[in-house]
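First up is the structure itself, then whatever we jot down about it.
What follows is calculated from the coordinates using simple rules that are stated; it is not laboratory data. Predicted, not measured: the structure shown is a model, and the values here were computed from it. All Cβ positions, even for glycine, are placed from backbone atoms using ideal geometry, and neighbour counts span all protein chains on display.
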Amino acid sequence: MERTAVLRRLSWQVATVVSVTPETGSVVTITLDPLDWPSHRAGQHLDVRLTAADGYVAERSYSIASGPGEPVAITVERLEDGEVSPYLTQERRPACCTQPARCQT
């Protein structure tokens with residue numbers, strides 16, 4: 001059985017949005033370029049943190065939608081009453097930076 005223990009301390013890091021690919025009318029895949037990405041495995045997820053101008057913070061976890069060795073990507077479905085998904089699916093554009101993200105198993 002493959003070990004899934006985290007071998008280093010998890011830390012937040014800034015990631016650049018490389019591409020936003022529409023999948024359906026309410027779903028997009030966002031490819032990210034984190035500054036110091038250690039790689040990922042099947043079954044891992046990525047925590048995304050957004051901070052509003054007034055200091056309010058919202059965090060959400062998304063399953064990683066790309067395979068090991070591929071650029072890290074998440075697929076997000078817009079929820080009409082959602083706090084984070086409308087921003088990620090409608091406002092994120094390539095070359096934007098997202099708030100720090102971290103990978104967990």
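Quickly run through the stretch 69-86 and pick out the residues that are within 20 Å of residue 11 (Cα to Cα) and either part of a loop (DSSP other than H, G, I, E, B) or touching a Pro at 6+ places or on another chain (Cβ under 6 Å) (or both). Correct list: 71, 72. Residues of the stretch 36-65 that are touching a Phe, Trp or Tyr at 6+ places or on another chain (Cβ under 6 Å) and free of Cβ contacts under 8 Å to residues at least 40 places away in the same chain: none at all.
With surrounded by 13 or more Cβ atoms within 10 Å (Cβ to Cβ) and over 12 Å from the mean Cα position of the chain (by Cα) as the only criterion, which of 72, 27, 76, 20 stands out?
27
Restricted to the stretch 31-56, and to residues there that are among the aliphatic types (A, V, I, L, M) and in a strand (DSSP E or B), the residue that is farthest from residue 91 (Cα to Cα) is 46.
Taking the stretch 30-69 as the range and being exposed (fewer than 13 other Cβ atoms within 10 Å of the Cβ) and hydrophobic (A, V, I, L, M, F, W, C) as the test, the residues that pass are 35, 42, 52, 53, 57.
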